[in-house]
Every structure is written in C-alpha cells, then in structure tokens.
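Chemist: Sharing a structure with you now.
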Protein chains: 2
Amino acid sequence: MELRGKLQEILRDIEENYLPSVSLDLVVFGFHESQLKVLLLRFKDSNDWILPGGRVRKDENLDEAAYRSLRERTGLDRLFLQQFHTFGNVNRMTYFSREETLERMGLAEAAAGLWDSTYWANRDISVGYYALVDFTGTVPTPDFMADECRWWDIAEVPHLLFDHNEMIRLALRTLRRQLSYQPVGYNLLPETFTMTELQSLYETILGRSLDRRNFYKQILHYDVLERLGKRPTIPASKAPYLYRFRKERYEQLLNDEDLSVG
Amino acid sequence: MELRGKLQEILRDIEENYLPSVSLDLVVFGFHESQLKVLLLRFKDSNDWILPGGRVRKDENLDEAAYRSLRERTGLDRLFLQQFHTFGNVNRMTYFSREETLERMGLAEAAAGLWDSTYWANRDISVGYYALVDFTGTVPTPDFMADECRWWDIAEVPHLLFDHNEMIRLALRTLRRQLSYQPVGYNLLPETFTMTELQSLYETILGRSLDRRNFYKQILHYDVLERLGKRPTIPASKAPYLYRFRKERYEQLLNDEDLSVG
DNA sequence: ACAAAAGTGTTCCAGATACACCCATGC
DNA sequence: GCATGGGTGTATCTGGAACACTTTTGT
C-alpha cells in the first residue's frame, strides 16, 4: 500500500509546512497555431481535469507561492503572472462530494481514515492567478495527484471539477480588459514574430477579428516593437517582416499605472 | 482578569468556528461635505488605527463574510461591496512585532500564554474588499479589539498598522478605475442630491476638478438620473434641481460586463 | 447693483473605424 | 498569370476636452 504511505507523508508535509484553508489556482495561457491554450491536469486514473494549483508555505509570500507553483508545472521562470480574483464559496469544492472526488482521483482507498486531516476537513479559499507563457518553451509536468498535464484549446476545455471553469472565464475576462490598456504578447510569443502572428494572438484573445491596417497603426503607435529583417520566405507569400518587443518600453507600459493617491 | 477570560473565549470561538489563515479587511468609503471618508478603528488603549476587518466562518461564503463584517461595523445592509485584492506577504502583519502589536492593543498581559493559538501563531492571507456607503445613515461601531470607530478624511488618514495604508491606496485606485466605466454614487449619496453634489463626489474620488458643463453632459448621457423638483433655495444662489438615481438603469450599468467567453 | 451659484451649446481634436489598392512570391 | 498573403494611406465618425454667457436669488 505504497500510495497510502505516500499520501500520508504528503498530508503531513502540507499540515506542517503550508497554510491551512488557503490554496491557489493557476490559469496558464499559452498560444500556438492561432489558438489560445490553457494548461490542465488530469487526476490520476480518472478522466477529470482541473486547473493546476498549489499551496502557500508558511514562510512564503502569496505571490512567491504562485510563481513557485507555476515553475513546478511549466519549468518556466520569469513570466507574467497576476492575481485576478479570490474564490471563497463554501461549496466551490463540492462540485462532487469529497468521497466522489477521492474516488475519481483513484485515492478513495488510500485516503480512507485520513479525512480528519486539515487538508481534507476544511474547504479552501483559493486565490486565482493567471499567467501568460511561451507555449514552445513549456514543459508541462504533472504533480503528485495527476498523471497528465497538457495544453487544451481554450474553446475545447471540458467541464472541469470544482469552480475551475468559472475561474477560466474570469481570468479570460481580465486578460481581455488588460489588452485594452497594456501590450500583451511578450510572454506568449517566441522571441521574434510577424505582425500577422501578433494580430492573430490578439484576435484569439478577444475572440473577434481585427482590421489589419488599423491593427498595424495601433500597435506601431505604442512604439513597443522593433522591426528586424524579413523572415526567410515561406510558401506563396511575400516575405513578412519580423518584429521583436522592445523590452524596456514594454515594461514601461506595463508599469504605466496611475500610482497617485490623493 | 476579566479581559484575559474574554480574550480566551474569543480565541476559542475563532479556532472553532472560523477558517484559519484567512482574514478580510474592509476599506469603507463614505462621502460628506465634499470629502471622501474612510472608516477606521482604534485599538483599545492605544493610538494606533487600522481598517475594520473580519474572519470567515467555516460554513460561510467569503463574500457573505465580508457583508456580515461590514454590517457589524456600520449597521448598514444592502450596500456596494467588492473584492479588490488579496494580500499575502509574510511580513504584512509585522509592521510591528507580535509582542509590540499586543502591547499597543493593551492586550500584552491578557494575551500572555495564549500565543500558541492558531490565531496568533500564523500569519494571515487577507482578502481586501472596498465598500461604498451612505455616510449619514452609518452607525460606526467598534469591535471587541477597538474602542473607537470613526470616519477619517481620506487626505488625513494617519499611518496605519500592518499593510493597511497600502490597502487603502489600492482600493482607491480600483474605485477610480471603476468610475470610468460605471456610475458611482448610489451608495455614497443621500436619496436625492444636486448635480453639483454629484460632481463634487466625482471630483473628490478622482482628486481633480472637472468641467461642470462636460460633467452634466456625460452624466446625463448615462441616462441614469431622474430629475425632480427644485431644492428649496439656500443662501445667495439660484435654486438647483434635485436628482435621484434611476435604480433599474443604475444596476443595469453595473452589470454591463462583457460576459461572453469564446 | 452686485456677488454667488446654476444652467446651457458649440468648437475642436484625437483616437477609432471603415475601407481599397499595389507588391512580391510560388505554383 | 493567378492565387495567396503582405504592406500601406485616406476619409469619416465619435467621445472627450476646452471654453463663455445668461439666469436666479440673497445681500
């Protein structure tokens, strides 16, 4: 019964080193082939998918915990990560009963008698973060409760456990709003890209098509792109220019927040 | 040593009935005499001020806990209340040491030996909410740790304990942003008001003066106000019209969010 | 009559939208 | 030579900002 021993150890570790009642969930966005992707985990021996998440160490800042969790799931560092909402409904975890949840995780047997653990006994408040990451550089890695971690097309996300579909919905809304007053793409695209690729990213996030000429004007007006040479040409088309974000300008725009308070 | 007994009882109640590690703090905005006000509490027998806060019952939704806490502090019900950020730095409570904090609360003696309580032992994650309330209808009520609860002019807020000044700053930023895409005032003004009073509210929140004519146009364009008769006239001036919010339209605008997700 | 507050309309500019043609390449 | 995708400029609309005079009333 190795699984049970392992589970016990994990629960002990959680109770000893992590804050009770608080968890966090990550909506990790990636972009590939004109599709917005979300990273999901599949529970061990089940067909149920959830968002990757994590817990907060007792000696760790909340934001740091989110960065750490994201790093563990994607192998990436230094990425865009931002809190968007905190979820605290009593029944947010009980989309299925605790028993059924464990069942679906293939942990029912292993977890028997461990239910008085703080980890299972209390519902959690969960802080939702959303992240933008470079799809191609990511190494999706399952955690101890999952045996699969992979990208899903945003339009094809299945019904998830708990309130995780709602989390994606809210994260996407936040991302869309952000688009209207800040540049996006540095963490979602490879180092260099064509204008068409960038436009395609915007269209995917917004869920509607944009006028090419107007998009050029707007994005160039931001003064955040650097134009490089032409891309070695591909089938049946004129060679497009490659662009790169001017990092210092990009970050300046990200920090252009009204910081004044009367 | 009655205080000690009471404290013990409170701690026991907290451990038994409330979520550990999670608290919430309220930035309660009111408006009076052209000034934006914030509700603050003063710790027992000390000169230190903090934001009112609360904890989440184990069987209670996070938002409900915020409403309940606000009701306890202001006597008001049915008000505007919204989450704006969750604060989770390890050292956010240690603006002063725990000992010093208790000292300043006049609780050092009473709390001796109770420090292994979960309530003191762990730092908290705190969910920040901001509220807009009708100044005149409010009955500020201290909680068990405070012996004073009163309104402060936003410009005169002193240094607060913990990260509470930062919380006010962020709440105000959120409120200002909200102003740009939603009407504000229903919960901050009396039932009827003049256009000048409403403008004054906007100016106070934004921290800058607005053009009267443009303000009229914009706000009327929202189609959210109902014009009533003229106010019985006051010193040396033309009698101004009174207005009232059209509630159904007001709430429609509040809910006018892009709810679509691709 | 004059001081103080209230009410109202027009001009101007900037940012967003709508829209069409030419060029380079691969087949 | 034609189909595909890339690159560019101009006219129009709309929302926001700037701005001045007249009316009422109390002193």
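The values are calculated or read from the model by the stated rules, or taken from the named source; none is laboratory data. None of these values were measured; they are calculated from a predicted model. Here the Cβ positions follow ideal geometry from the backbone for every residue, glycine too, while neighbour counts run over all protein chains shown. For the accessible areas, the whole protein counts, side chains as well, though only heavy atoms, and no ligand, DNA or RNA atoms are used. Shrake-Rupley method; radii C 1.70, N 1.55, O 1.52, S 1.80 Å.
Chemist: Principal axes first, then extents: for the Cα atoms of region A:8-100, list largest minus smallest coordinate on each axis, whole Å, largest first.
Modeler: On the principal axes, region A:8-100 reaches 42, 33, 27 Å in Cα extent.
Chemist: Starting from region A:120-183, pick out the chymotrypsin sites (Phe, Trp or Tyr not before Pro) whose DSSP state is loop and whose Cβ has at most 14 other Cβ atoms within 10 Å.
Modeler: Hits after loop and neighbour filter: A:F144, A:Y181.
Chemist: Which of the listed residues, B:S237, A:Y181, B:Y67, is farthest toward the dipole's positive end in the protein assembly as shown, when Lys, Arg count +1 and Asp, Glu count -1 at the beta-carbon?
Modeler: The residue sitting farthest along the positive end of the dipole is B:S237.
Chemist: Direction-averaged shadow area of the convex hull around the Cα atoms of region B:134-252, nm²?
Modeler: Computing the convex hull of the Cα atoms and averaging its projections yields 9.9 nm².
Chemist: Same structure again: Take chain B, connect every pair of alpha-carbon atoms lying under 10 Å apart with a spring to form a Gaussian network, then pick out the residue of B:G53, B:G229, B:G75 with the largest mean-square fluctuation.
Modeler: B:G229
Chemist: Pull up the DSSP beta bridges for the protein assembly as shown and report the antiparallel fraction as a percent, rounded to 5.
Modeler: Bridges in the protein assembly as shown that DSSP calls antiparallel: roughly 80 percent.
Chemist: Hey, with R₀ at 30 Å, roughly what FRET efficiency would A:A108 and B:N165 work out to, going by the Cβ-Cβ distance, to 0.05?
Modeler: It comes to 0.05.
Chemist: Please report the antiparallel percentage of DSSP beta bridges with both residues in chain B, rounded to the nearest 5.
Modeler: Just about 80 percent of them are antiparallel.
Chemist: Which of these, B:I168, B:I219, B:I125, has the largest mean-square fluctuation under a Gaussian network model of chain B (Cα springs below 10 Å)?
Modeler: Of B:I168, B:I219, B:I125, the most mobile in the Gaussian network model is B:I219.
Chemist: Using +1 on the beta carbon of Lys and Arg, -1 on that of Asp and Glu, and nothing else charged, what's the dipole of chain A about the Cα centre, debye to 20?
Modeler: About 1280 debye.
Chemist: What's the total accessible area buried between chains B and A, using a 1.4 Å probe, rounded to the nearest 100 Å²?
Modeler: Rounded to the nearest hundred, the buried surface is 2900 Å².
Chemist: In nm, to one decimal, how far is the modelled label at B:D211 from the one at B:V90, with both set 7 Å along Cα→Cβ?
Modeler: That separation, rounded to one decimal, is 5.3 nm.
Chemist: Ok, one more. Which of the GluC sites (Glu not before Pro) found in region B:133-208 are loop residues per DSSP with 16 or fewer other Cβ atoms within 10 Å of their Cβ?
Modeler: Passing sites in region B:133-208 are B:E191.
Chemist: At 37 °C and 0.692 mPa s, what whole-number value in µm²/s does Stokes-Einstein give for the translational diffusion of region B:193-255, with Rh from the Kirkwood sum over Cα pairs?
Modeler: Answer, rounded: 257 µm²/s.
Chemist: What residue among B:P183, B:P20, B:P240 has the largest mean-square fluctuation in a Gaussian network model of chain B, using Cα springs under 10 Å?
Modeler: So, out of B:P183, B:P20, B:P240, the one fluctuating most is B:P240.
Chemist: Hey, can you grab everything whose amide H is under 5 Å from the amide H of A:V56? Only 5+ residues off in sequence or another chain; H modelled, so Pro and N-termini drop out.
Modeler: Counting only residues 5 or more places away or on other chains, the set is A:L19.
Chemist: Could you check the spin-label model distance between B:D223 and B:E9? Points 7 Å from the Cα along Cα→Cβ, value in nm.
Modeler: Each label point lies 7 Å from its Cα, and together they span 5.7 nm.
Chemist: A further question on this structure: How much mean residue ellipticity at 222 nm does chain B get from its helices, if each DSSP H run of length 4 or more adds -39500 (n - 2.57) and you divide by all residues, to the nearest 500 deg cm²/dmol?
Modeler: Counting only the DSSP helices, I get -10000 deg cm²/dmol.
Chemist: Note every residue of region A:148-173 with a reduction of at least 50 square angstrom in accessible area, all protein chains present versus the isolated chain, computed with a 1.4 Å probe, or write none.
Modeler: Buried on complex formation: A:R169, A:R173.
Chemist: Starting from region B:155-214, pick out the trypsin sites (Lys or Arg not before Pro) whose DSSP state is loop and whose Cβ has at most 11 other Cβ atoms within 10 Å.
Modeler: Counting only loop positions with at most 11 other Cβ atoms within 10 Å, the trypsin sites (Lys or Arg not before Pro) in region B:155-214 are B:R208.
Chemist: Also: Which log10 I(q)/I(0) values, to two decimals, does the protein assembly as shown give at q = 0.06 Å⁻¹ under the Debye formula with one point per Cα?
Modeler: -0.35
Chemist: Stretched out fully, how many nm does the piece from A:E2 to A:S34 gain, at 0.36 nm a residue minus the Cα gap?
Modeler: So the chain would gain 7.2 nm between A:E2 and A:S34.
Chemist: Now for a different question. Between B:N255 and B:E156, what is the FRET efficiency for a Förster distance of 35 Å, r being their Cβ-Cβ separation, to the nearest 0.05?
Modeler: After rounding, the FRET efficiency stands at 0.50.
Chemist: Defining a contact as two alpha carbons under 8 Å apart and six or more residues distant in sequence, what relative contact order in percent does chain A show?
Modeler: 24
Chemist: Obtain the radius of gyration and the Kirkwood radius of chain B from its C-alpha atoms and give Rg over Rh.
Modeler: 1.03
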